[in-house]
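**Student:** Below you will find the structure I want to go over with you.
The values are calculated or read from the model by the stated rules, or taken from the named source; none is laboratory data. Since the model is a prediction, treat every value here as computed from it, not as a measurement. We place every Cβ from the backbone using ideal geometry, glycine too, and count neighbours over all the protein chains shown.
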Amino acid sequence: MVKVFIERKNKKINVDAKDIDGLIKKLSINKEEVIIVKNNELTPRNEKLKDSDEVKFLSVISGG
Amino acid sequence: MCRQCELKPVIVLSNNTKGLCKSCFLKYFERKFNRTISQFKLIEPNQKIGVAISGGKDSLSLLYLLNRIKDRKRFRIEALLIDEGIKGYRDKTIKDAKRFCRELKVKLTIVSYRNEFGYTLDQMLKKLKIKPCSICGVFRRYLLNKYSRRLKFDKLATGHNLDDEVQTILMNQFRSNQEISARLGPITGIKDDSKFVRRIKPFYLITEKETTTYAYLKNFNIPFCECPNNTQAYRIEVRNFINNFEQKYPGTKHSIINSFLEILPSLKEKYRNYEEIKYCSQCKEPSSKETCQACELRSKLN
C-alpha cells in the first residue's frame, strides 16, 4: 500500500497502486490540477511505486 | 531527463514534451516573468507599484519576484491586502501575507470590509440574499482601486496567471461578453483615466502548475487554503473543461492565450470609445452607471 496525501481534500489514505499513472487513474485526479511529490521529490512523470512510498498531490488551483 | 542538463526533471512543460530540472526550471520561470514585464512594458522606471496580495502562492511569489528586481529596474513596491472578513479562510491567509511582507521588508496595507462598509463578508451574507462571489467581486475591485489611488500606486500588480486568464477569455466567449474581454490582457483596461489605476499581470504567460512548482521549490511554505464561499460554479466548470482538454491536447491553454493576444489590440480599439467612463453620483468612484455597484450594494446593506 502506498501512503497518499491529497492536499485539496486534506485527506490521507492508503492505496494499492503499481505506479503513479495507476494511482492517478484510481483516484480520478486530473494531472493538470496537481503537482506530484513522491518521497519529497517532485515527480512529473510516471514512476513505479513500492509499498513504503509516500505520494502527495498538491493542488495548483487558487483558493479563491 | 532535463532538456538542458540531463538531471532529473521537476516539471514537464505543457507546451513541450521535455522536462526541466530544479535549477533550469527556476531560471526558466524567472526569465519568463522578466520577459513578460519587458515585452508588455508593464513597469516603467520610478513607478510605484502596488502588489495585490491574498496570502496565496501566486500573489506571494509575485511579491517575492517584484521585490527582487525592484532596485535593478528602479521602481518601488508596496503590498495591499483586502480583508473581506471570511472566518477560517482570510484570517489564515493574512498570517502568511504578514509573515512574508515582514521577511521581505515590504510595507503592507490591509483594508477591511468591516472598517470600510461596516460589516464583514460573513455578516453581509446573513443580511443579503446574493451569491458571495457577486458581493466580493464588486467590493474587492472597488477597494483595490480606491486604495491604489490613495496610496499613489501608478499600477497595481496582481497574481493572475495564464490559467486564470484562459478561463476568463472562454467564459466571456461563451457568454458573448466581448466588451469585457477587451478589458483583459497583461495590462487591464481600455483607456487611461485619472481615477482608475490599471492592473498588470506579470504571470500572464505562466501556468498555475508553474507558479505552484516555483513556490514549492522556493520553500515558501504556503499551505493550500480554499475560500469556503467559492460558488463560482460556471468558472469551475470551464476550468475542468479546459484542464481535461489540456490533458488530452497539451498546449491548448497557450494556444488560447496566443490567439487572444493577437486579437486583443483590435478589441481594445473597437471598444475604446464604446462607453464613457462615468463617476458614481454618491462616492465619485469610476462607474459604468449613475450609481456604482458598490454603492448599490451598500444601500441594500443599510
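**Student:** Taking the range B:78-89 as the search range and keeping residues that are within 17 Å of B:Thr158 (Cβ to Cβ) and free of Cβ contacts under 8 Å to residues at least 40 places away in the same chain, which one is farthest from the other protein chains (Cβ to nearest Cβ)? Give the steps one after another, and end with the answer.
**Tutor:** Step one: of the range B:78-89, the residues within 17 Å of B:Thr158 (Cβ to Cβ) are B:78-84.
Within this subset, residues satisfying the condition of being free of Cβ contacts under 8 Å to residues at least 40 places away in the same chain are B:79, B:81, B:83.
Details: B:Ala79: 17, B:Leu81: 14, B:Asp83: 14 Å.
Taking the candidates together, the pick is B:Ala79.
**Student:** Hey, another quick one. Collect the residues in the range B:250-277 that are within 18 Å of B:Gln167 (Cβ to Cβ) and surrounded by fewer than 12 Cβ atoms within 10 Å (Cβ to Cβ), keeping them in residue-number order. Don't jump to the end; show me each part of the working.
**Tutor:** Start the filter on the range B:250-277 by keeping residues that are within 18 Å of B:Gln167 (Cβ to Cβ), which leaves B:250-261, B:263-264, B:267.
Within the range B:250-277, B:Ser259 is the sole residue that qualifies.
**Student:** Looking at (1) under 16 Å from the mean Cα position of the chain (by Cα); (2) closer than 18 Å to B:Ala52 by Cα, which is the only condition B:Phe220 fails?
**Tutor:** Tallying (1) under 16 Å from the mean Cα position of the chain (by Cα); (2) closer than 18 Å to B:Ala52 by Cα, B:Phe220 fails exactly one: (1).
**Student:** Of the residues B:Lys209, B:Lys201, B:Lys195, B:Lys218, which single one is in contact (Cβ under 8 Å) with a residue 40 or more places away in the chain and more than 26 Å from A:Ser59 (Cα to Cα)?
**Tutor:** Working: B:Lys209 fails: more than 26 Å from A:Ser59 (Cα to Cα); B:Lys201 fails: more than 26 Å from A:Ser59 (Cα to Cα); B:Lys218 fails: more than 26 Å from A:Ser59 (Cα to Cα).
Just one listed residue meets the conditions, B:Lys195.
**Student:** Continuing with the same structure: Taking the range B:224-269, which residues are of a type in the set (S, T, N, Q) and within 13 Å of another protein chain (Cβ to nearest Cβ)? Reasoning before the result, please.
**Tutor:** Pass one, the range B:224-269, residues of a type in the set (S, T, N, Q): B:229-232, B:240, B:243-244, B:247, B:252, B:255, B:258-259, B:266.
Listed by number, the residues that qualify are B:Asn229, B:Asn230, B:Thr231, B:Gln232, B:Asn240, B:Asn243, B:Asn244, B:Gln247, B:Thr252.
**Student:** Restricted to the range B:159-177, and to residues that are touching a helix residue (DSSP H, G or I) at 6+ places or on another chain (Cβ under 7 Å) and not in a helix (DSSP H, G or I), which residue is farthest from B:Ser259 (Cα to Cα)?
**Tutor:** To start, the set of residues in the range B:159-177 that are touching a helix residue (DSSP H, G or I) at 6+ places or on another chain (Cβ under 7 Å) comprises B:159, B:161-163, B:165-167, B:169-172.
The next check asks that each one be not in a helix (DSSP H, G or I); those that pass are B:159, B:161.
On the way: B:Gly159: 22, B:Asn161: 16 Å.
If we take residues in the range B:159-177 being touching a helix residue (DSSP H, G or I) at 6+ places or on another chain (Cβ under 7 Å) and not in a helix (DSSP H, G or I), then B:Gly159 is farthest from B:Ser259 (Cα to Cα).
**Student:** Suppose we filter B:Lys131, B:Lys92, B:Lys126 for residues that are touching a Ser or Thr at 6+ places or on another chain (Cβ under 8 Å), at pLDDT below 95 and surrounded by fewer than 16 Cβ atoms within 10 Å (Cβ to Cβ); which single one remains? First the steps, then the outcome.
**Tutor:** On the way: B:Lys92 fails: touching a Ser or Thr at 6+ places or on another chain (Cβ under 8 Å); B:Lys126 fails: touching a Ser or Thr at 6+ places or on another chain (Cβ under 8 Å).
Every option except B:Lys131 fails the conditions.
**Student:** I would also like to ask the following. Can you name the residue in the range A:38-64 that is free of Cβ contacts under 8 Å to residues at least 24 places away in the same chain, surrounded by 16 or more Cβ atoms within 10 Å (Cβ to Cβ) and more than 7 Å from chain B (Cβ to nearest Cβ) and, of all such residues, is farthest from the chain's Cα centre (by Cα)?
**Tutor:** A:Thr43
For (1) more than 14 Å from chain A (Cβ to nearest Cβ); (2) within 15 Å of B:Leu144 (Cβ to Cβ), each residue gets a yes or a no:
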position: B:Lys92; (1), (2): no, no
position: B:Ala97; (1), (2): no, yes
position: B:Phe100; (1), (2): yes, no
position: B:Glu103; (1), (2): yes, no
position: B:Val106; (1), (2): yes, no
position: B:Val111; (1), (2): yes, yes
position: B:Glu116; (1), (2): yes, yes
position: B:Lys126; (1), (2): yes, no
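**Student:** Looking at the range B:260-284 only, could you name the residues that are touching a strand residue (DSSP E or B) at 6+ places or on another chain (Cβ under 8 Å), assigned to a loop (DSSP other than H, G, I, E, B) and modelled with pLDDT of 90 or more?
**Tutor:** B:Cys280
**Student:** Residues that are away from chain A (no Cβ under 11 Å) and outside any loop (DSSP other than H, G, I, E, B): does the range B:201-222 have at least one?
**Tutor:** no
**Student:** With B:Lys152, B:Lys191 as the choices, which residue is within 25 Å of B:Gln39 (Cα to Cα), surrounded by fewer than 18 Cβ atoms within 10 Å (Cβ to Cβ), modelled with pLDDT under 95 and of a type in the set (Lys, Arg)?
**Tutor:** B:Lys191
**Student:** Here's another thing I want to ask about it. Quick check: anything in the range B:280-293 more than 19 Å from B:Gln173 (Cα to Cα), hydrophobic (A, V, I, L, M, F, W, C) and free of Cβ contacts under 8 Å to residues at least 24 places away in the same chain?
**Tutor:** Taking the range B:280-293 as the starting set, the residues that turn out to be more than 19 Å from B:Gln173 (Cα to Cα) are B:280-293.
So of that shortlist, the ones also hydrophobic (A, V, I, L, M, F, W, C) come out as B:280, B:283, B:292.
With the extra rule that they be free of Cβ contacts under 8 Å to residues at least 24 places away in the same chain, the set shrinks to B:280, B:283.
Checking the range B:280-293: at least one residue is more than 19 Å from B:Gln173 (Cα to Cα), hydrophobic (A, V, I, L, M, F, W, C) and free of Cβ contacts under 8 Å to residues at least 24 places away in the same chain.
**Student:** Scan the range A:2-12 and tell me whether some residue there is more than 13 Å from chain B (Cβ to nearest Cβ), within 24 Å of B:Cys2 (Cα to Cα) and surrounded by fewer than 16 Cβ atoms within 10 Å (Cβ to Cβ).
**Tutor:** Residues of the range A:2-12 that are more than 13 Å from chain B (Cβ to nearest Cβ), as a first pass: A:2-4, A:12.
If we keep only those that are within 24 Å of B:Cys2 (Cα to Cα) as well, we get none.
No, the range A:2-12 contains no residue that is more than 13 Å from chain B (Cβ to nearest Cβ), within 24 Å of B:Cys2 (Cα to Cα) and surrounded by fewer than 16 Cβ atoms within 10 Å (Cβ to Cβ).
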